[in-house]
Amino acid sequence: MACPPWPKGKKLVHLDLKGAPPRVEYLHKLIELFSQLGVNGLLVEYEDMFPYEGELKLLQSTAPPAYSREQILSMQECAKSKGMEVIPLVQTFGHMEFVFKHRPMWSLREVPYCVGTLNPHKEEGVKLVMEMLRQVVKMHPGLDTLHIGADEVYILGEGEESKLWLSTPGRTVEQLFLSHVTKVAKAIKEAWPHMTIIMWDDMMRGMSPDILKASGLVGLVQPMLWDYTPNLDVDKTVSLLEKYCSAGMSDLWVASSFKGSTSVYTCVPSTQRHVDNHLQWLNVADSLSAGVNLQGIALTGWQRTSASDSLFPGRRLAELTVELNALLNSDDMRLFESDMFVRGWFSPYHRRRKMVTPLITMQIHSQASTFLTTLHQKVDAMREEMVRFYPDSTVQEWIEEHVSPVMGPLQRITEEIRACVKEMVP
């Protein structure tokens with residue numbers, strides 16, 4: 001399939017390191033591959049994998065942290081040697097679950113039941129965000145671009161302080177959102193006057209150009225419009241970018257998706273879906289007016305939704321993932337307990353009373369054991385390959401999430417059959 005190249009600006013790849021941090025050696029191989037493919041920047045989202053210090057040390061997912069200071073610096077050096085810019089992404093409003101899940105931070109939530117959204121009225125919240133940014137900036141020498149997130153700020157306006165603020169006539173949730181982001185952006189500019197600030201656009205999509213102009217945000221940030229759907233509406237997306245431009249935000253970014261962004265429980269990415277998404281973005285880029293100063297595109301890859309992608313070094317891991325996923329989702333394994341013989345000859349009633357027909361139940365046992373043997377072989381091969389790229393804890397989590405729900409019932413049936421037969425066969 002012949003496609004025109006991305007017409008303007010930088011080509012970033014998003015590295016979402018939270019939850020399943022790849023080994024540093026693997027990241028270096030990825031950077032080498034990205035360089036060969038024409039990538040000239042990395043958008044790096046560390047979250048709880050960053051080696052925060054001082055009062056923020058509790059944000060680390062593990063002790064020691066997933067990445068040391070030396071490893072983060074080495075990743076930057078590797079990227080720099082390939083002509084790539086590194087842009088950290090630090091959430092400053094929404095999606096701060098990795099912060100607010102910790103009890104000492106609970107008081108900074110917008111509402112108690114929403115773990116991800118910051119209360120924009122507390123000065124301690126802004127101080128927290130700025131300290132996170134300070135530590136990240138310090139560990140990225142020569143940094144000149146930051147991404148401050150600010151997407152999907154759920155339940156904003158529902159907190160008691162927000163309700164009080166909104167009770168003043170003329171105030172809106174849109175203004176509440178803009179006031180916090182503007183405050184953070186101004187604080188960043190005060191600390192690092194040279195810094196370019198990127199933010200996700202979705203919370204501003206319904207806002208008029210006049211509201212955006214009046215916010216004080218124009219000139220401080222560069223919105224990044226994201227859409228990961230395969231049937232992206234080109235005309236609507238172009239219109240939205242043109243709206244931001246008319247509000248004075250002419251420096252704009254866009255974001256596509258190469259993995260994740262589909263389901264919260266996905267084992268193997270849908271390659272065609274992501275290809276279609278990128279083709280639509282090429283159509284968008286080709287349709288923009290000259291007034292839109294397109295800064296570039298970020299190819300996002302959301303973590304915890306797939307173990308690997310066949311595009312990357314680790315092709316064998318991708319193949320094993322596909323093979324194991326096919327096994328795990330086969331009706332024979334997933335619906336084994338609904339099999340005619342199991343339901344007819346080894347139902348819960350039979351199991352409780354340990355009254356079974358040994359000849360038939362042993363046949364069921366044989367089939368379940370065969371499935372278990374096949375699964376164990378595939379899982380062992382998967383584990384052996386996966387530990388080359390991910391920590392042991394990530395490998396174990398993947399197995400517990402994807403394999404155990406299928407393997408568990410099979411193991412249970414074999415154990416229960418042995419117990420029942422023992423009662424009936426001398």
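The values are calculated or read from the model by the stated rules, or taken from the named source; none is laboratory data. Being a predicted model, the structure only gives us computed values, none of them experimental. Reconstructed Cβ throughout: ideal geometry from the backbone, glycine too, with neighbour counts over all protein chains shown. Surface areas here come from the heavy atoms of the whole protein model, side chains and all, with no ligands, DNA or RNA. Shrake-Rupley method; radii C 1.70, N 1.55, O 1.52, S 1.80 Å.
Compared with the dominant principal axis of the Cα atoms in the chain, helix 173-191 is inclined by about 70°. Here the 3J(HN,Hα) profile of the range 75-84, calculated from phi with Karplus coefficients 6.51, -1.76 and 1.60 at θ = phi - 60°, is 4, 5, 5, 4, 5, 4, 5, 9, x, 9 Hz, Gly and Pro shown as x.
Taking only DSSP H segments of four or more residues, each worth -39500 (n - 2.57), what value at 222 nm results for the chain once the sum is divided by all its residues, to the nearest 500 deg cm²/dmol? Mind dumping the intermediate values first?
Working: 16 runs with 199 residues, N = 426.
-14500 deg cm²/dmol, from helical runs alone.
Between the C-alpha center of the range 180-226 and that of the range 391-414 there is a gap of 44 Å. Within the accessible area of the chain, what % is carbon and sulfur when the probe is 1.4 Å and the other protein chains stay in place? Carbon with sulfur: 54 percent of the solvent-accessible area. For the range 2-52 and the range 54-95, compute the distance between their C-alpha centroids and round to whole Å. Cα centroid of the range 2-52 versus Cα centroid of the range 54-95: 13 Å apart.
What are the residues whose amide H is under 5 Å from the amide H of N119, where those residues sit 5 or more places off or on another chain and H is modelled from the backbone? Residues meeting the amide H criterion: R109, E110.
Assuming charge only on the beta carbon of Lys and Arg (+1) and of Asp and Glu (-1), the dipole of the range 186-250 about its Cα centre is about 260 debye to the nearest 20.
Based on the alpha-carbon gyration tensor of the range 134-244 and its eigenvalue square roots a ≥ b ≥ c, which shape applies: rounded if a/c is under 1.5, prolate if not and a/b is larger than b/c, or oblate? Don't skip to the end; give the middle numbers.
Details: a/c = 1.76, a/b = 1.10, b/c = 1.60.
Oblate, since a/c reaches 1.5 and b/c is not below a/b.
Tilt of helix 271-287 relative to the longest C-alpha principal axis of the chain, in degrees (0 to 90, nearest 10)? Helix 271-287 and the main axis of the chain meet at about 20 degrees.
Using heavy-atom solvent-accessible surface (probe 1.4 Å) with all chains present, what is the largest-first order of M132, M424?
Details: M132 0, M424 90 Å².
If we order M132, M424 from most to least accessible, we get M424, M132.
For the set L282, L56, the ranking by accessible area, highest first and with no ligand, DNA or RNA atoms included, is L282, L56 under a 1.4 Å probe. If only the Cβ of Lys and Arg carry +1 and only the Cβ of Asp and Glu carry -1, the dipole of the range 1-95 around its Cα centre is close to 400 debye. Counting only protein heavy atoms and a 1.4 Å probe, the chain has 47 square angstrom of accessible area per residue.
Seen against the Cα atoms of the chain and their longest principal axis, helix 234-246 is set at about 30 degrees. The phi-based Karplus calculation (6.51 cos²θ - 1.76 cosθ + 1.60; θ = phi - 60°) puts the 3J(HN,Hα) values of the range 379-395 at 5, 4, 5, 5, 4, 4, 6, 5, 5, 6, 10, 10, x, 4, 5, 5, 4 Hz, whole numbers, x for Gly and Pro.
Where does the longest stretch of the chain lie that holds no chymotrypsin sites (Phe, Trp or Tyr not before Pro) found in a DSSP loop with 10 or fewer other Cβ atoms within 10 Å? Each step should come with its number before you reach the end.
On the way: sites that count: Y113, Y265.
Counting only loop sites that pass the neighbour cut-off, the longest clear stretch is 266-426.
Database remark: amide H of Y390 closer than 5 angstrom to the amide H of R23 (H placed geometrically; neighbours at sequence offset of 5 or more, or on other chains; Pro and chain starts carry no H). Put simply, the amide H of H14, placed in the peptide plane, has neighbours under 5 Å in L43, L299, T300, G301, leaving out anything fewer than 5 places away on its chain.
Is the C-alpha gyration tensor of the chain telling us rounded, prolate or oblate? Criteria: a/c under 1.5 is rounded; beyond that, a/b larger than b/c is prolate, otherwise oblate.
Working: a/c = 2.07, a/b = 1.81, b/c = 1.15.
Cα axes put the chain in the prolate bin.
Label the range 61-120 by shape, choosing from rounded, prolate and oblate, from the square roots a ≥ b ≥ c of the eigenvalues of the Cα gyration tensor; if a/c is under 1.5 it is rounded, and otherwise prolate applies when a/b is larger than b/c, oblate when it is not.
Values: a/c = 4.94, a/b = 2.11, b/c = 2.34.
Cα axes put the range 61-120 in the oblate bin.
The length gained on full extension between Q377 and E323, counted as 0.36 nm times the residue separation minus their Cα-Cα distance, comes to 18.3 nm.
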